[in-house]
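Q: Mind having a look at this structure? Questions to follow.
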Amino acid sequence: MSSLATLPVPVQTVGLLLLSNVFMTFAWYGHLRNLASSPWYVAALLSWGIALFEYLLQVPANRIGATQFSVAQLKIAQEVITLSVFVPFAVFYLNQPLKLDYLWAALCLLGAVYFIFRSS
């Protein structure tokens, strides 16, 4: 972990949030592909186990990020990262069609990024 501390705060924050979102996305949606025929509580318990790893990355990411960013900035960054992870996951893992709506959502988030970071 000491080599992580030498990276700039934004790199540490985004990197940890990216990794945490991979776990989060699998915890929230992976069961739709792999456990569709299992009872919901089996999927919930497995998802909860996966979510532990998400939290082990997300909590330090937010603590590190809070040293340089506001909570609002962290939240908007999280949403951008979530969409960046979710779209490829939905298209390639869940075989969902790529929709133009993803582009519109991304453009809205870019607007949110602009407004939340412009006064920094």
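Q: Report the local net charge at ALA90: Lys and Arg +1, Asp and Glu -1, summed over other residues whose C-beta lies under 12 Å from its C-beta.
A: +1
Q: Testing the spin-label approximation: label points 7 Å from Cα along Cα→Cβ at PHE117 and TYR41. State their distance in nm.
A: 4.5 nm
Q: Given the Cα-Cα distance of LEU107 and ARG63 and 0.36 nm per residue of separation, how much length would full extension add, in nm? If you can, show how the numbers build up before the last one.
A: Details: separation 44, 0.36 × 44 = 15.84 nm, distance 2.76 nm.
Additional length available on full extension: 13.1 nm.
Q: Under the 0.36 nm per residue contour assumption, what length would be gained going from the current alpha-carbon distance of TYR55 and LEU83 to full extension?
A: This chain segment gains 8.3 nm when fully extended.
Q: Continuing with the same structure: I'd like the distance separating the alpha-carbon centroids of the stretch 63-105 and the stretch 5-41, in whole Å.
A: 11 Å
Q: Follow-up. Give the relative contact order (percent, whole number) for the chain; include only Cα pairs under 8 Å separated by 6+ residues.
A: Values: 91 pairs, mean separation 37.9, N = 120.
Result for the chain is 32 percent.
Q: Quote the convex hull volume per residue of the stretch 9-74, based on C-alpha atoms, as a whole number of Å³.
A: Once divided by residue count, the hull of the stretch 9-74 is 75 Å³.
Q: Hey, another quick one. So what's the chain giving for Rg/Rh, alpha carbon basis, Kirkwood Rh from the mean inverse pair distance?
A: 1.02
Q: Report the calculated FRET efficiency for GLN96 and THR6 (r = Cβ-Cβ distance, R0 = 41 Å), to the nearest 0.05.
A: Efficiency, rounded to the nearest 0.05: 0.60.
Q: Going by the alpha-carbon gyration tensor, a ≥ b ≥ c the square roots of its eigenvalues, is the stretch 63-120 rounded (a/c under 1.5) or, if a/c is not under 1.5, prolate (a/b greater than b/c) versus oblate?
A: Here the stretch 63-120 falls in the oblate category.
Only the coordinates and a few stated rules stand behind these numbers; no lab work does. Keep in mind that this is a model prediction, so the values were computed, not measured. In this analysis, Cβ positions are derived from the backbone assuming ideal geometry, glycine residues included, and neighbour counts consider all displayed protein chains.
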